[in-house]
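**Q** The structure under discussion is supplied below as structure tokens; questions concerning it will follow.
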Amino acid sequence: MASLVVDIGNTFTKLALFEGDVLISVNQFPGEDDSQITQYINNLSAQRALLSSVKKERANWQWVLENEMPVDYFDRRMQLGIKNHYLTPDTLGLDRLAAVTGAAHLYPGKNNLVIDGGTCITYDYVDAGANYFGGSISPGVKMRYSALNYYTDALPVVETDAHFKAQSGTDTTTSIRSGVQNGIKHELEGFINDYKKDGEELNVILTGGDANFFDTLLKNSIFAPCIKIEPHLVLKGLNAAIQKQND
């Protein structure tokens, strides 16, 4: 049975078609683009859908989708195979929950640290017994660059440079790059080191729009062998949830 899973984020809406556990296609649209998403839905051949959203309001295309097929909305009460020990589960971002669900589904019986590089950088750990206790949230790459410009009078807007390797900058632009990009590199290494316990294997799963950039930052580190890139981890977690709902 073909299933549609939808991840409605702050910037983009991602729609993925699955046949069982097999990912058939992924399409991404700007979050406010009702017409293109509606056109995509009208040409779908799915039998059911699961939506996850960070937004409170429903877009027009969601009503169209509900007229096309049965639609469920991902929430924290779904049976996911995760033992959620988060102290305030109602405040846990659905994207974070879907990501650890995807990690436990793809790598069962393993210790998994999910690092999602998007608007924010999130770190979420699910252990080999599928126990989830929480994680960390810090500013994302673009947010850090933008904040330096916004909260100062003199610092310019600087773009990410994946080829920048210097330890320190030699002018204002490269000094900002050093602070932001080396700062993120040290942050990544610090979190991974904290979760990598002696004698235990750890999967470090990079996902989100900056996953490949983070992989570049870490490729020469001692943690490189632990790293796996799963660009569609949240979508795969949502698909695991819809499969469990219909078992």
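**Q** Starting from region 24-127, pick out the GluC sites (Glu not before Pro) whose DSSP state is loop and whose Cβ has at most 14 other Cβ atoms within 10 Å.
**A** Counting only loop positions with at most 14 other Cβ atoms within 10 Å, the GluC sites (Glu not before Pro) in region 24-127 are 32, 57.
**Q** Shifting gears a bit: For Cα extents along the principal axes in Å, which listed value, (1) 51, 50, 35; (2) 46, 45, 41; (3) 58, 46, 33, comes from the coordinates shown?
**A** Only one option fits the structure, namely (3).
**Q** Under 19 Å Cα to Cα from residue 165, which aspartates and glutamates show up? Leave out anything in the same chain fewer than 8 places away.
**A** Within the straight-line limit of under 19 Å, residue 165 reaches these aspartates and glutamates: 187, 189, 210, 215.
**Q** Let me ask something additional. To check you understand DSSP bridge types, tell me what percent of the beta bridges within the chain (both residues inside) are antiparallel, rounded to 5. Spell out each step's value before the answer.
**A** Numbers: 28 of 47 bridges.
For the chain, the DSSP antiparallel bridge percentage is about 60.
**Q** Also, quick follow-up: For the chain, modelled as a GNM with alpha-carbon contacts under 10 angstrom, which of 212, 84, 67 fluctuates the most?
**A** Greatest mean-square fluctuation among the candidates belongs to 67.
**Q** Let me spell out the model: positive unit charges on the Cβ of Lys and Arg, negative unit charges on the Cβ of Asp and Glu, origin at the Cα centre of region 72-230. What dipole size does that give, in debye rounded to 20?
**A** Details: 14 positive and 20 negative charges, 30 e Å.
It comes to approximately 140 debye.
Since every read-out is calculated from the coordinates, none of them should be taken as a lab result. Given the structure is predicted, the values throughout are model-derived calculations rather than measurements. Backbone-built Cβ (ideal geometry, glycine too); neighbour counts: all protein chains shown.
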